[in-house]
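Written below as C-alpha cells is the structure these notes are about.
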Amino acid sequence: MIVRIGPASFLLHRRTLLVTTGLAALLIAAVVAAAGIGTRTVPPLEVVRALLTGGTEHDVIVRELRFPRVVLGAVCGVAFGLGGALIQSVARNPLSSPDVIGVTQGAGLAATVALTSGLAYELVAPSAMAGGLLAAVAVFAFGARTGFAAHRFVLAGVAVAFALRAGIEVVMSSAETIDALRAQIWLIGSLNGRGYEEAGAIGLVLLLALPALLWAARALRTSALDDDTARALGVRPAARRLGAGALGVVLAAAATAQVGAVDFVALVAPQVARRLTGAERPPLVASALAGAVLVVLADLAARMLLAPTQLPVGVLTTGIGGPYLVYLLIRRRR
C-alpha cells in the first residue's frame, strides 16, 4: 500500500508493517525485561511504573542503574542494524557488514593506538570514529573501481580488515601489559559502566543522518537491479551505492566508537529482518529494531549468565553470530 505524508509518498508492504510492529513490541518487552532482571528482580509492572511515573522503591535500580545501559544497548543496536542493512544492500551480499569489511577493525586499531599511547580517555571514541571512517575510505577506494562492483567491494573490505587486524596485533604486542589489557577489553565491546552519555553521542549521529536515511530508503529500491537495467531507468547505481555505503559506514563507526567492537549485530540483524519480511533487501526500520532487540537481549544474557560476573556483550553477540555465519555459508553453498 502507498502511504502519503504531505507531498511525500512511501510504498509500504503489509508484511513488512506487521513484522516491524512485532519487532517494536518485542523491543519494548526486552527493555522492560532488561531493566527488571538482575541480582534484585523487579516485576514488569513495577518497572513500567518506575520508568513512567517514578516515586517507587525501585527507582534507583531501574532508572539510575539499569535503564541507561538498556537505552545505550537499544541505540547502538539501531545504529548497527541500519549500518549493516545499508552495507549489505550496497554489496548485495548477506555476508557483508562493518565487522567483515574492515570498519570495526579500523576503529579498533585507532582505539588501540589511543589507549596504548597515553592519550586522554576522552579521545578514544573520536579516534575510533576516525579510524573506522579511514578504513572505509580505503575500502571504497579499492572497491569503487570498475563501477563499484559488489564482489570487488567485499573482497576489498576483507583485505583491509585482515591488514588492520594485523596492525592491532602489532600495536598490542609492543604495548605495556596494562595498556594492552585495556585495549583488549575495548576491542571485545561492552556496555558496562556506560549509559546516557554514549547513547546521546550515537543518537545525535542518528538524528543528523535521518534525512540521508530517508533518501537511502528510496535510493535502495533499485539496488537489486543490475547496472545496465538501472542505467536504462535513468539511475546512477554507482553513485547511489557510494552514498548509501558511506552512510552505513558512518553509523557503524559511530556506534563502535562508543561501545567497542560488538561484532555480528550488523551482520545478523539485517538478515533476520529480511527473512522475516520476505523482502529482496534488508528493510531499514525492521533491521534497526532487530539490531536493538539483539543487543538489549544479548547484554541481559551477558549480565546474568555468570552473575555476579558480567561478560562483555561482544562475547555474547560473537557467540550468536559465529554459528549464524556458518549457517549462511552452508545455505549459499546449496
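Can you give me the number of residues within region 290-320 that are open to solvent by less than 30 Å² (accessible area, probe 1.4 Å) and closer than 25 Å to Leu220 by Cα?
Residues in region 290-320 being open to solvent by less than 30 Å² (accessible area, probe 1.4 Å) and closer than 25 Å to Leu220 by Cα: 4 in total.
The rows are residues; the columns are (1) over 17 Å from the mean Cα position of the chain (by Cα); (2) of a type in the set (A, V, I, L, M, F, W, C); (3) surrounded by fewer than 17 Cβ atoms within 10 Å (Cβ to Cβ); (4) part of a helix (DSSP H, G or I).
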{"residue": "Ala156", "(1), (2), (3), (4)": "yes, yes, no, yes"}
{"residue": "Ala163", "(1), (2), (3), (4)": "yes, yes, yes, yes"}
{"residue": "Glu169", "(1), (2), (3), (4)": "yes, no, yes, yes"}
{"residue": "Arg182", "(1), (2), (3), (4)": "yes, no, no, yes"}
{"residue": "Ala201", "(1), (2), (3), (4)": "no, yes, no, yes"}
{"residue": "Pro211", "(1), (2), (3), (4)": "yes, no, yes, yes"}
{"residue": "Ala216", "(1), (2), (3), (4)": "no, yes, no, yes"}
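Note down all Cβ pairs under 8 Å where the first residue falls in region 73-101 and is under 15 Å from Gly189 (Cβ atoms) and touching a residue at least 60 places away in the same chain (Cβ under 8 Å), the second is charged (D, E, K, R) and crowded, with 24+ Cβ neighbours inside 10 Å, and they're at least six residues apart or on different chains.
Going by the 8 Å Cβ cut-off, the qualifying pairs are Gly73/Asp299; Asp99/Asp263.
Just to be sure before I move on: is Val31 open to solvent by 10 Å² or more (accessible area, probe 1.4 Å) and touching a residue at least 24 places away in the same chain (Cβ under 8 Å) in the structure I sent?
So Val31 fits the description; yes.
Among the residues of region 289-334, write down those that are of a type in the set (Gly, Ala, Ser), closer than 23 Å to Gln184 by Cα and modelled with pLDDT of 75 or more.
Within region 289-334, Ala298, Ala301, Ala302, Ala307, Gly314, Gly319 meet the criteria.
The values are calculated or read from the model by the stated rules, or taken from the named source; none is laboratory data. Everything numeric here is computed off the predicted structure, so don't read it as measured data. With ideal geometry, Cβ positions are generated from the backbone for all residues, glycine too; neighbour counts draw on all protein chains shown. Note: accessible area is taken over every heavy atom of the protein model, side chains too, but ligands, DNA and RNA are not part of it. Shrake-Rupley method; radii C 1.70, N 1.55, O 1.52, S 1.80 Å.
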